[in-house]
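See below for the structure under consideration.
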Amino acid sequence: MTATDLTPRPGAAPVGRMLLAQTALETRMLLRNGEQLLLTVVIPTVLLVLFSAVDVVAVDGPGKRVDFLAPGLLALAVMSTAFTGQAIATGFERRYGVLKRLGATPLPRWALLAAKTGCVLVTELLQVLLLSGIALALGWSPHGNPLAVLLLLVLGTAAFSGLGLLMAGTLRAEATLAGANLVFVLLLLAGGVVVPLSKFPDAVRPALELLPISALSDGLRSVLQLGAGVPWSDLGVLAVWSVLGLAAAARFFRWE
């Protein structure tokens, strides 16, 4: 009796290879989605060019208008990808049973969430390169420590990812769609992205400064516009949001 040849050997691929494949798939799906591109690329780019060229809102600090606007639009790009886009996409994947089916594959659930995080990081890298290139063409003169900027972007991504997954994993897809877009607009207007927080009444300004988008935009502006050192207070706010958001998402996220 001859032995059966099972080459190639059946079984699941190594977790690392599955993680890379899922990350690449998630990234391709995002970049092919027109609505996601509008949210993550077109809107931040249009706002950067428009408000740099037109004196619609008064800006704070030294330098050109783009020196104030570029850090805020980088913060908006992080929020649009890590929170709004991820919440909407994950919410509808949950509704259509995609998450449930992926959870039944050899790909561990933690690896699926890690792949989504990898997709967010790749997209943010492309956003930073694009927005920075446009801002430099408009006369942007960034200052400060690149490591402080990187730390702010990482903590901002963690904070918004936790909040996005929490929303996607607890609300219905339609409610997530409406809520994520509403939060995006509100934080765009009241988070110090294009309108300085100094323009808001003193009574509400302390509360606005505790928002994650305010901490991220203010921290990036402190470093890139003013050349300050590590903005520990803004990093502290983002760290608190990161811990609370990720812990709540891990506790309450439902896969179906």
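The values are calculated or read from the model by the stated rules, or taken from the named source; none is laboratory data. As the structure is a prediction and not an experimental result, all values here were calculated from the model. Note: ideal-geometry Cβ built from the backbone for every residue, glycine included; neighbour counts use all protein chains shown. Quick note on the areas: whole protein, heavy atoms, side chains included, nothing else; ligands and nucleic acids left out. Shrake-Rupley method; radii C 1.70, N 1.55, O 1.52, S 1.80 Å.
Filtering segment 89-98 down to residues that are more than 17 Å from residue 161 (Cα to Cα) and assigned to a helix (DSSP H, G or I), which residue is least open to solvent (accessible area, probe 1.4 Å)? Of everything passing the filter in segment 89-98, 98 is least open to solvent (accessible area, probe 1.4 Å).
Filter segment 212-230 down to residues that are within 19 Å of residue 59 (Cβ to Cβ) and in a loop (DSSP other than H, G, I, E, B) and give me whichever is most open to solvent (accessible area, probe 1.4 Å). Within segment 212-230, the match that is most open to solvent (accessible area, probe 1.4 Å) is 226.
Out of segment 231-256, which residues are out of contact with any Asp or Glu (no Cβ under 9 Å at 6 or more places or on another chain) and open to solvent by less than 30 Å² (accessible area, probe 1.4 Å)? Result: 235, 238, 242, 245, 248, 249. The set of residues in segment 138-155 being of a type in the set (S, T, N, Q) and under 16 Å from residue 212 (Cα atoms) is empty. Taking first residues from segment 146-158 that are more than 12 Å from residue 74 (Cα to Cα) and partners that are modelled with pLDDT of 95 or more and open to solvent by 30 Å² or more (accessible area, probe 1.4 Å), the Cβ contacts under 7 Å between residues at least 6 apart in sequence or on separate chains come to 155/239.
Total residues in segment 103-125 satisfying the condition of being without any contact (Cβ under 8 Å) to a residue 12 or more places away in the chain, farther than 11 Å from residue 19 by Cβ and either open to solvent by less than 10 Å² (accessible area, probe 1.4 Å) or in a helix (DSSP H, G or I) (or both): the figure is 1. Please go through segment 127-152 and pick out each residue that is under 19 Å from the mean Cα position of the chain (by Cα), closer than 16 Å to residue 228 by Cβ and not small (Gly, Ala, Ser). Matches in segment 127-152: 146, 147, 149, 150, 151, 152. Taking the conditions (1) assigned to a helix (DSSP H, G or I); (2) open to solvent by 40 Å² or more (accessible area, probe 1.4 Å) in turn, residue 142 satisfies each one other than (1).
Among the residues of segment 202-211, the one identified as open to solvent by 60 Å² or more (accessible area, probe 1.4 Å), under 19 Å from the mean Cα position of the chain (by Cα) and of a type in the set (A, V, I, L, M) is 210. Scanning segment 190-201 for residues that are open to solvent by 40 Å² or more (accessible area, probe 1.4 Å) and at pLDDT 90 or above, we see that the one that is farthest from the chain's Cα centre (by Cα) is 201.
Of the listed requirements (1) more than 29 Å from residue 52 (Cα to Cα); (2) exposed (fewer than 13 other Cβ atoms within 10 Å of the Cβ), residue 173 misses just one: (2). For segment 10-57, filtering for residues that are part of a loop (DSSP other than H, G, I, E, B) and surrounded by 16 or more Cβ atoms within 10 Å (Cβ to Cβ) leaves 0.
Of the residues 207, 203, 178, which single one is outside any helix (DSSP H, G or I) and free of Cβ contacts under 8 Å to residues at least 12 places away in the same chain?
Unique residue meeting the criteria: 203.
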